[in-house]
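The values are calculated or read from the model by the stated rules, or taken from the named source; none is laboratory data. A quick note: this is a predicted structure, and the numbers were derived from the prediction, not measured. Using ideal geometry, Cβ is built from the backbone for each residue, glycine included, and neighbour counts are taken over all protein chains shown.
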Amino acid sequence: MAGDVYALDDRKPLLVNLMPSPALVHAVIRGWTNSLHIHRFGIDHVRQAMRQSPTGTVVFCHWHQSVLTALMPHYQVKAAVLVSRSKDGEIIARYLEAIGLRAVRGSSSRGAAAGALELMRVLHEGYHIALAVDGPRGPNKQIKDGAIEIARRHGVPLIPVAARATREICFKRSWDRFRIPVPGSHLVLQYGAPMWLSGTQGDGDERARNRQLLARNLHDLEAEVSQRAGRRDRYPHPRFLAWLKQPAEEHASVSDPS
């Protein structure tokens, strides 16, 4: 990651750019991906959704926690991924482009409008879209409106995606409890049934119900892949599920697109 190195004297700090080259990032993660034993389930859901989609494309939805595990197996897939405008986002964007994915820069906090417009445009150019539905800053496991609004406006289906590895590292102090698979482990990737949304605008309650439905589908799907991967933690901590127990109108204002 990008960082600073300071001079050894007490005068002016010397800033050195430590950002790795795209080729280095690509080589490391590509070798890492090749070491994994990938098991895919539910691919027929994707084929069905593509046949029925008016653009032939879909919106893949996953948790931010699973960004790496969900994207690693999709080498050279014609898909666009929303990436933040931060320095770390620059590294990710270069890596995605190196493996054949299209990086669209923007987030809910910076460049949101431009990023959303670009995603809608590439959807009609034949690109699938992959979105971390609780990113880029959380709260963890709370879905934002971005993916839902894109799917509704363009009549394309949402495909929930979950991934777990038999051996993984979890960064428990990060806001999303980010996971990375250990090289050489088995990675279980599963696609859920497509979700079709009404093309009408709908009110806040309807958008909130759609967020709840997508969240429950993702949680259930993750429980399945966790079981297949032999993981015991199949559902997140109850505090991350509390918002799902609220009436839709109580959290209908959570509409920050990402």
Taking segment 25-61 only, how many residues are hydrophobic (A, V, I, L, M, F, W, C) and buried (at least 19 other Cβ atoms within 10 Å of the Cβ)?
7
Can you find, within segment 194-221, the residue that is farthest from ILE129 (Cα to Cα) among those that are part of a helix (DSSP H, G or I), aliphatic (A, V, I, L, M) and out of contact with any Gly (no Cβ under 6 Å at 6 or more places or on another chain)?
ALA208
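Looking at segment 225-236, can you tell me whether even one residue there is at pLDDT 90 or above, of a type in the set (Lys, Arg), over 22 Å from GLU118 (Cα atoms) and assigned to a loop (DSSP other than H, G, I, E, B)?
yes
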Whether any residue in segment 125-137 is out of contact with any strand residue (DSSP E or B) (no Cβ under 6 Å at 6 or more places or on another chain), farther than 29 Å from SER35 by Cα and not charged (D, E, K, R) is what I want to check.
yes
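Among HIS26, HIS45, HIS39, which is the only one that is modelled with pLDDT of 90 or more and in a helix (DSSP H, G or I)?
Result of the check over HIS26, HIS45, HIS39: HIS45.
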The residue that is surrounded by the most Cβ atoms within 10 Å (Cβ to Cβ), considering only those in segment 78-93 that are touching a residue at least 40 places away in the same chain (Cβ under 8 Å) and in contact with a strand residue (DSSP E or B) (Cβ under 7 Å, 6 or more places away or on another chain), is LEU82
